[in-house]
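Taken together, the values in this text are just the output of simple stated rules run on the coordinates, not laboratory data. Every value quoted in this text rests on a predicted model; they were computed, and no experiment measured them. Quick reminder, even Gly has a Cβ in these numbers, built from the backbone with ideal geometry, and neighbours come from all protein chains shown.
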Amino acid sequence: MSKQTLIPVGPYHPLQEEPELFKLYCDGEIVKDVKWETGYNHRGIEKLAEKKSYDEVFFLVERICGICSTSHPFAFANSVEEIVGVEIPDRAKYIRSIIGELERLHSHLLWVGLAGHFLGYNTVFMWAWKYREPVLDLFEMITGNRNSYAMFKVGGVRRDIENQKIPAIEEVLSLVKKKTDMLVGAVMDDPVIHARTKGVGILTKQDILDFAAVGPTARASGVDIDVRRDDPYAAYPLVNWKVITAEAGDVFAKAQVRLLEMYESISIIDQCLVGLKKEKEGETEVKIKHIPEGYGTGHAEAPRGEVYHFVVSDGSNSPARHKIRAPSYTNIATFKKSCVGQTISDATISLAAVDPCYCCTERLAVALDRTSGRRIMNAKEIIEHSAELTNKLLQHE
Amino acid sequence: MVLEELKKTFSKEILDSESRNERRVTLYIDPAALVPMSEHLFKELGFRFIIASALHTKRGFEIYYHFSYDPSGLILNLHVTLDQAKPEIESLSNMFEATNWIEREMHELFGINFLNHPNLEQLLSEGNWALGEYPYRKTFKSNGEVQA
């Protein structure tokens, strides 16, 4: 067997926005095997949730992910409302869907920009992020925050979107729609992007089923799943839209699915705004006094795929168990299929193609000191530990 | 329809069942039946594995295996109860890749042993915390103390 070279990508690497270590075992330019190390971002959120009241858990789960910060509260609200067995008012449903779809818009714009950046096509990066800004400004106007909007609560939403704000939303949407046309043209008709992404990082339908991948990653391989349609929640059953799929399973197909989904999001928001005008202002929640004993399942279609929350209640003020599964948790594992056999330069865009979110994936642990087994590390020890791990990696490989 | 067929095929192994509505069903099953039932769900009926949730309760360790049947939006939970002193169950990771990470995670955080798992290494902590400590057990307190 020929000698394999290890190329580490991460844990802190200019290409990755978040800490994650991928070890690419290469023979010449070709990736032969890929291994990864997780665990740089652990915050123990599932355990923390057991100590917080249901109201506080919303703020906690919102901080699982910085990009799709409303998808976790969405799924959590769905699961708790299932335990209670409550139907929320239509106005709250519309508001929830508007927030969810605006988030999909800015998240997909972010991905298109990053994908362009990974390919060395920085014009796309500049454009996509430039036109993501108005969406974030819109969030600031509606919710008070550009991110982590704190809009959801059990039984409804915390803030209304007053009818007087609707024209401003419509204005931004028409701008984003125009710029999406431009981006779609820039990406879909560009021969360089075709050459770099077509036939690269292919995931077959069977791979998707084996790894249980979700979201645009699955839809780009012809697996027609979308929680918004399959198990409808919020205002999605009240509006017309379609699920975008592609067959090729390569990076280009994933880009295509995301770009075309943006048009669907804009259309859903437009219809929700029409629905919003028909409902009475201020009717945005049902008062819930008590969460009974039981368990509830809530899932929501985040920009990256299905977010799944499972909440067990013992009748007290806090969840007895709160299990969270973010979409990247299953999507990242597909690297084993998509990267092997590719060149190193294609491996990076294959990694990026599932839009991995490491914060979402790693919400889980409590750091203890290795020697005593008890203490939580202080800052100095963490830095020393990090240097030690890097040295170990360099020596070992 | 799918459920009726499943209940007929595994009538002995299903100990109890519970449903909130037609989209949310839980089957309480014999742990020995987990592998054949999951195989039937995945390979014959086209169910998708979502995730598994482990719980530490007074009864011992419980695991909900969540499956989804997307054409009808059904979420089917297979529930097993494991022994308090020696929690172990057959791994599903030889059948599909999707359980590989979550079984390693439950092994690491709850101390549940998955028999015949292809690679039961630590997923999250790569040996950075004390062996034999399981932070997601109810006996583990966040300040690092372990309740007897």
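Data for the structure
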read-out: The stretch A:218-345 - percent relative contact order, Cα under 8 Å, separation 6 or more; value: 17
read-out: Over chain B: helical MRE at 222 nm, DSSP H runs n ≥ 4 each giving -39500 (n - 2.57), nearest 500; value: -4500 deg cm²/dmol
read-out: Fraction of beta bridges assigned by DSSP in chain B that are antiparallel (%, nearest 5); value: 75
read-out: Ascending count of other beta-carbon atoms within 10 Å, so fewest first, for A:Thr330, B:Thr57, A:Thr123; value: A:Thr123, B:Thr57, A:Thr330
read-out: Reachable aspartates and glutamates, given that their alpha-carbon falls under 18 Å from the alpha-carbon of A:Lys287 and they are not under 8 places away in the same chain; value: A:Asp55, A:Glu56, A:Glu81, A:Glu82, A:Glu87, A:Asp90, A:Asp160
read-out: Cβ-placed point charges (K, R +1; D, E -1), dipole of chain B about Cα centre in debye, nearest 20; value: 460
read-out: Amide H contacts under 5 Å for A:Ala302, placed H, 5+ residues apart; value: A:Val307
read-out: Inter-chain shielding of B:42-53 (mean C-beta neighbours from other protein chains, 10 Å cut-off); value: 5
read-out: Residues in the stretch A:183-197 that a label on A:Met126 would reach, taking backbone N under 20 Å of a point 7 Å out along Cα→Cβ; value: A:183-193
read-out: Amide H contacts under 5 Å for A:Trp36, placed H, 5+ residues apart; value: A:Lys23
read-out: Relative contact order (%) - criterion: Cα under 8 Å, at least six apart; region: chain A; value: 25
read-out: Residues whose placed amide H lies under 5 Å from that of A:Val200, excluding near-sequence neighbours; value: A:Val251, A:Phe252
read-out: Under Karplus coefficients 6.51, -1.76 and 1.60, residue-wise ³J(HN,Hα) of the stretch A:102-119 in Hz, glycine/proline x; value: 4, 5, 4, 4, 6, 5, 5, 4, 4, 5, 4, x, 5, 4, x, 4, 5, 7
read-out: Top of A:Asp346, A:Asp189, A:Asp231 by mean-square fluctuation, Gaussian network on chain A, Cα under 10 Å; value: A:Asp189
read-out: Estimated vicinal HN-Hα couplings, Hz - the stretch A:300-305 in sequence order (Karplus 6.51, -1.76, 1.60; Gly, Pro = x); value: 8, 8, 7, x, 8, x
read-out: Chain A: calculated mean residue ellipticity at 222 nm from DSSP helix runs of at least 4, using -39500 (n - 2.57); value: -15000 deg cm²/dmol
read-out: Sequence of A:Glu283, B:Glu22 once ranked by neighbouring C-beta atoms within 10 Å, starting from the fewest; value: B:Glu22, A:Glu283
read-out: Crossing angle, helix B:100-110 versus chain B [Cα axis fit, 0-90 degrees, rounded to tens]; value: 50
read-out: Karplus-derived 3J(HN,Hα), 6.51/-1.76/1.60, for each residue of the stretch A:132-147, Hz, glycine and proline x; value: 7, 4, x, 5, 5, 4, 4, 4, 5, 5, 6, 10, x, 10, 6, 8
read-out: Ascending count of other beta-carbon atoms within 10 Å, so fewest first, for A:Glu20, A:Glu381; value: A:Glu381, A:Glu20
read-out: Cα gyration tensor shape for chain B, rounded if a/c is under 1.5, else prolate or oblate; value: prolate
read-out: Total lysine pairs whose alpha carbons fall under 29 Å of each other in the stretch B:2-98 (8 or more apart, or interchain); value: 7
read-out: Cα gyration tensor category, rounded, prolate or oblate, for chain A with a/c compared to 1.5; value: oblate
read-out: Local electrostatic count at A:Ile244 - Lys and Arg +1, Asp and Glu -1, tallied over other residues with Cβ under 10 Å; value: -1
read-out: Candidates A:Asp181, A:Asp355, A:Asp224: whichever shows maximal mean-square fluctuation once chain A is modelled as a Gaussian network with Cα springs under 10 Å; value: A:Asp181
read-out: Among A:Glu285, A:Glu82, A:Glu37: highest mean-square fluctuation, GNM of chain A, C-alpha pairs under 10 Å; value: A:Glu37
